[in-house]
1. Once label points are set 7 Å from the Cα along Cα→Cβ at both residue 21 and residue 7, what is their separation, rounded to one decimal in nm?
2. Is the shape of the chain rounded, prolate or oblate, going by the alpha carbon gyration tensor and its root eigenvalues a ≥ b ≥ c, with a/c under 1.5 for rounded and a/b larger than b/c for prolate?
3. Over the chain, give the accessible area per residue in Å² for a 1.4 Å probe, as an integer.
4. Keeping the other protein chains in place, figure out the carbon and sulfur percent of the accessible area of the chain, with a 1.4 Å probe.
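The values are calculated or read from the model by the stated rules, or taken from the named source; none is laboratory data. Source: prediction; values computed, not measured. A quick note on method: Cβ atoms are made from the backbone with ideal geometry, for glycine too, and the neighbour counts reach across all protein chains shown. Ligands, DNA and RNA are excluded from the accessible area calculation, which covers all protein heavy atoms including side chains. Shrake-Rupley method; radii C 1.70, N 1.55, O 1.52, S 1.80 Å.
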Amino acid sequence: MTRPPPTGEGALYEDIRVHGRIARPDLAALLLSCLDGSGVLGRTLSAIDRGRLVAPDAVAEFNPAAACP
């Protein structure tokens, strides 16, 4: 986590090959958004700023709304 102001570019990834950084306020916003849905239950997710993402080209963002039954 970093301490700069939020960028609004935080995203979730389920792929274990991703890594990067995220500002604390962006992480908090992502966590709050996950509390509403069951699509994140039982999953291990990474929260990373899209601008600081290090990952293979084919990695897609995780969409909790699409994962809900």
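1. In this crude label model, residue 21 to residue 7 measures out at 0.9 nm.
2. Working: a/c = 2.21, a/b = 1.21, b/c = 1.82.
Oblate, because a/c is 1.5 or more while a/b does not exceed b/c.
3. 67
4. Details: 2550 of 4650 Å².
Answer for the chain: carbon and sulfur cover 55 percent of the accessible area.
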